Every structure is written in C-alpha cells, then in structure tokens.
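Notes for the one structure printed next.
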Amino acid sequence: MTSKCRIALLALLLAPTLGFAQKQLLTQALGQLFTPESPFDAHTYKPLRGHERWQRWLNEDGRTPQIYAASLGTAAYSQVIESPDGWPRTWEGYGRRVGSHLGSSAIENTVHESMAAAEGTDPRYFACACTGIFPRTGHALKMTFLTYNRSGHETLDLPMLTGAYGSSMIKTMWYPDHYSPLAQGVQSGHIEVGLIGVENILREFSPDIKRLLHLRAGRPATEP
C-alpha cells in the first residue's frame, strides 16, 4: 500500500474521533451564530427507520439517475479546466473523470449514510420554519454543518463532513502522483462542503422557485 493510500485511509478513520472531541463546542458555536425557529417540534420529530435509510443509500448510489447525470456534468467541467492536470483532454480522459466522480460520490454517500445510521443523525435537509431571504439563507448555510440527532436536537453533522473530506482525500489515490490527500485532497474537501452549502440553499428556496416558474408559465401573454 502506498504512503498516499495510508494517509487517506488513516485520515478517514481518525476523522470521527477527532471530530467527536470538538463536537459539542462546534454545535454550540454554530447554534449561537444563527438560531431561527426550528423546522419542527423536537417532541414530534420522527427519525428515519432502518429500511428508509437503506432506500436513501440505494437511491443515492445508483438506483436513480441523479448520480450519473451529476458525474457526466461534473466530468465535462473538469475536462474543460483540465482537472486533475495530467489526465488528457480526450475521450479517455473524460472517461477517467466520469469514473472518478462516480467513485468519489459513491464513497461520500456511503460514508455519510452509514455513519449517520450508526450515530443516529438525520441525513435529510429540513427547510427553515422562518421567513425572509436572509434568515432562510442563514439556516441553509448553518445546516451545512449541523443536523439533528435521534431526539430532534441540533448536532454537528460529523457523518456529512467525514464523507465530504474523506471522499475528497481518497480520490487522490487514483489521481496523478503529485496529488496529495493532505494538500489537494483537503482543498477539494473544502470545495465539496461549499457545494453542499449551495445545494442546501437551492433546497431551501426550490419550492419558491418552482412556484414562481409555475405562475409565470400560467400567466397569459399581454398584448403590446
């Protein structure tokens, strides 16, 4: 096993332990940073059951077309910017990039869902019960780092963070040799967490966007 492989796997194994030591402190800090109305009453919260977690895992790792569409699109963008450098801008290079994104996404989803099941955290996104663009955006960004435990209370989303950084570090194992898990891998993890924040914002406002598009589509054309 290469040194790069050892570093990536060791980091993935140590992440839960290191994160657990700071978990309570980080949860409190993020909770104090932005505290809108909770999306639900903790007393009525219903956590995911075992078979529901399995369904999410299967759907995210290939039973639905989203992972394939995302990998094809991301690989095309990576091809344009020549990432990783060292892979050619050819069909062979594109195939490598598609396979890389598929593998990385599968690892990220698997780590996230399996750790969430073991820890009892919720991998779903819950829209804010608040109103207004800024409070809702703040909620979406905060929930990039937090989730809910079995009791419906906020907690650090260590499974998600481990999946994002772990998969970003592990994929450097099949990248060209000058890529390092602790350098480019961690940098890629930062980007992945940022993308999760953007995804949360889209989830938060998607009902409003769909409603707006529906209203515009159904509005009759006005005469000049």
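The values are calculated or read from the model by the stated rules, or taken from the named source; none is laboratory data. Source: prediction; values computed, not measured. A quick note on method: Cβ atoms are made from the backbone with ideal geometry, for glycine too, and the neighbour counts reach across all protein chains shown.
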Quick check, is Asp177 outside any helix (DSSP H, G or I), surrounded by fewer than 23 Cβ atoms within 10 Å (Cβ to Cβ) and out of contact with any helix residue (DSSP H, G or I) (no Cβ under 7 Å at 6 or more places or on another chain)? yes
Tell me, which residue of the stretch 140-165 that is out of contact with any strand residue (DSSP E or B) (no Cβ under 9 Å at 6 or more places or on another chain) and β-branched (Val, Ile, Thr) is surrounded by the fewest Cβ atoms within 10 Å (Cβ to Cβ)? Thr144
Could you count how many residues in the stretch 126-170 are among the hydroxyl-bearing types (Ser, Thr, Tyr), in a helix (DSSP H, G or I) and within 12 Å of the chain's Cα centre (by Cα)? 4
Extreme residue, surrounded by the most Cβ atoms within 10 Å (Cβ to Cβ), among residues of the stretch 108-139 that are within 11 Å of Pro159 (Cβ to Cβ) and charged (D, E, K, R): Glu108
Unmet requirement for Pro47, which otherwise passes all of (1) in contact with a Gly (Cβ under 8 Å, 6 or more places away or on another chain); (2) modelled with pLDDT of 85 or more; (3) loosely packed, with under 12 Cβ neighbours inside 10 Å: (3)
Can Gly86 be described as more than 19 Å from the chain's Cα centre (by Cα), closer than 25 Å to Lys171 by Cα, at pLDDT 85 or above and surrounded by 12 or more Cβ atoms within 10 Å (Cβ to Cβ)? yes
